[in-house]
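Rule-based calculations on the coordinates, nothing more; no lab input. All values reported here derive from a predicted model rather than from experimental measurement. Here the Cβ positions follow ideal geometry from the backbone for every residue, glycine too, while neighbour counts run over all protein chains shown.
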């Protein structure tokens, strides 16, 4: 390297960085390679499609024709659930287009059927991840958090302070005591 060139340095950031921002580029790259211009469709599929439909179908690919606006969303489902997904296509198309910003980004939905476990014995079963369940709060901790935020008049700020108090006062289950 010559004296005029400086080695590449990553910019230094102060403070915390959101975990989502660390993998955002990789998710966008994989999503765009399969036609997903908006990765929200993949990451929030259960909210876009609804719990019932998301449990039996998942988006695989979006393909666009050369001449017009509107693409084709390809959904993967098991053979037994394909008829249910076919009946829900129009409703789903509206919900997906809202995810893309309200215009007719998706014109058609194509349903592809597969076996429940895939093509190899080591394939992951065709079930979505279970929803996260919040841990039970100790009533004494909730009461202390409520007491600490009693003097605040704004209800939104009071609720936020109570939530912060519950998080600070509750013991962490993953902490290992020496």
Label-point separation in nm, residue 143 to residue 60, each point 7 Å along Cα→Cβ: 5.7 nm
For peptides 155-164, 87-96, 53-62, sequence by mean Cβ density within 10 Å, most packed first: 53-62, 87-96, 155-164
